[in-house]
Amino acid sequence: MEKGLVIGASGGVGAALAEALEAQGTDVVRLSRSSHGLDLRDADSIERVMGQVQGPFEAVLIATGLLAPPGEGPEKALATIDARSMAEVIQVNAIGPSLLLRHAPRLLPRGRRSVLGVLSARVGSIGDNRLGGWHSYRASKAALNQIVRGAAIELARTHREAVVAALHPGTVATPFTSAYEPPRGKLSPDEAARRLLAVLTRLTPAETGRFWDHEGREVPW
Ligand SMILES: NC(=O)c1ccc[n+]([C@@H]2O[C@H](COP(=O)([O-])OP(=O)(O)OC[C@H]3O[C@@H](n4cnc5c(N)ncnc54)[C@H](OP(=O)(O)O)[C@@H]3O)[C@@H](O)[C@H]2O)c1
């Protein structure tokens, strides 16, 4: 039986990804801050929890993320950028996942196919930024994307069958988007998870280190 690891399995998309993997017959290890004390703002907690995880896993999914610190919202204008808030968003969305990725070489199998999907966001695309605003969140996801790209390059040297992908899940109905009513509606977490797993299933090792949306379309960096 294949093994899967979902980090951020307490979240809307993370929980749906874990369920979708299980529905495919994958044996899933779920990790989260709320269940395991894995706090992406605390490097020691990351090392403590990740050090206990035994791989290898055919699928590793990082589904953590923060739009803005609790009680705050993403910036609408440059004037509202706050150093402490920005640092927290970058810590959770870019630095924390980087510390998780330190463990990727050990967690992925060598010599056979594996996927490592990291939840990013289309608004982290610099080329696609037409509206401005959301400065901290956008910057944090742009930084995350660069780390994912670097991880893919490094892993390809030792894990030739690995597929590493930054993923945009769509606008999904989770606590993350509870304050927003987009004109085109939201995907259910189950539908988003189904689509993301379908994208990962189709990708080949030759396509590692790129940024894809839930419909399998490449997103510009
Ligand atoms: N929903 C959308 O429309 C949408 C759109 C684009 C991109 N995304 C991305 O998709 C990913 C998942 O989003 P979601 O909608 O599932 O969000 P969600 O339901 O709010 O879940 C967020 C997850 O992140 C975890 N998390 C937050 N702060 C953390 C911290 N300091 N340390 C460890 N874990 C932390 C939460 O853990 P606990 O609950 O255990 O604290 C939870 O598992 C995020 O990366 C988000 O940026 C979402």
Seminar exercise, completed: Conditions (1) under 16 Å from Val60 (Cα atoms); (2) open to solvent by 20 Å² or more (accessible area, probe 1.4 Å); (3) in contact with a Leu (Cβ under 7 Å, 6 or more places away or on another chain) -> Thr171 fails only (1)
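Taking Pro69, is it within 13 Å of the ligand (Cβ to nearest atom), open to solvent by less than 70 Å² (accessible area, probe 1.4 Å) and either under 23 Å from Ala142 (Cα atoms) or not acidic (Asp, Glu) (or both)? Spell out how you get there, then give the answer.
On the way: within 13 Å of the ligand (Cβ to nearest atom): yes; open to solvent by less than 70 Å² (accessible area, probe 1.4 Å): yes; either under 23 Å from Ala142 (Cα atoms) or not acidic (Asp, Glu) (or both): yes.
Here the answer is yes, as Pro69 does meet what is asked.
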Exercise. For segment 1-69, list the strands (runs of 3 or more DSSP E) that sit wholly inside it and hold at least 3 residues that are basic (Lys, Arg); which are they?
Worked result: none
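Looking only at segment 106-124, which residues are closer than 26 Å to Ala142 by Cβ and either out of contact with any helix residue (DSSP H, G or I) (no Cβ under 8 Å at 6 or more places or on another chain) or away from the ligand (no atom under 11 Å from the Cβ) (or both)? Please lay out each step first, then the result.
Initially, segment 106-124 is screened for residues closer than 26 Å to Ala142 by Cβ, giving 107-108, 114-124.
Across segment 106-124, the qualifying residues are Leu107, Leu108, Ser114, Val115, Leu116, Arg122.
Residues are listed down the side, and each one gets a yes or a no for (1) near the ligand (Cβ under 9 Å from one of its atoms); (2) within 23 Å of Val199 (Cα to Cα); (3) not hydroxyl-bearing (Ser, Thr, Tyr):
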{"site": "Thr26", "(1), (2), (3)": "no, yes, no"}
{"site": "Arg41", "(1), (2), (3)": "yes, no, yes"}
{"site": "Asp44", "(1), (2), (3)": "no, no, yes"}
{"site": "Glu47", "(1), (2), (3)": "no, no, yes"}
{"site": "Ile62", "(1), (2), (3)": "yes, yes, yes"}
{"site": "Gly73", "(1), (2), (3)": "no, no, yes"}
{"site": "Ala83", "(1), (2), (3)": "no, no, yes"}
{"site": "Ala87", "(1), (2), (3)": "no, no, yes"}
{"site": "Gln91", "(1), (2), (3)": "yes, no, yes"}
Exercise. So is Gly37 over 28 Å from Val199 (Cα atoms) and either without any contact (Cβ under 8 Å) to a residue 12 or more places away in the chain or exposed (fewer than 15 other Cβ atoms within 10 Å of the Cβ) (or both) or not?
Worked result: yes
For this session: Tell me which residues, restricted to segment 126-154, are surrounded by fewer than 15 Cβ atoms within 10 Å (Cβ to Cβ) and touching an Asp or Glu at 6+ places or on another chain (Cβ under 8 Å).
Result: Gly133
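The values are calculated or read from the model by the stated rules, or taken from the named source; none is laboratory data. Owing to the predicted nature of the structure, the values given are computational and were not obtained by experimental measurement. Cβ atoms come from the backbone with ideal geometry, glycine included; neighbour counts cover every protein chain shown. Accessible surface areas use protein heavy atoms only, side chains included; no ligands, DNA or RNA. Shrake-Rupley method; radii C 1.70, N 1.55, O 1.52, S 1.80 Å.
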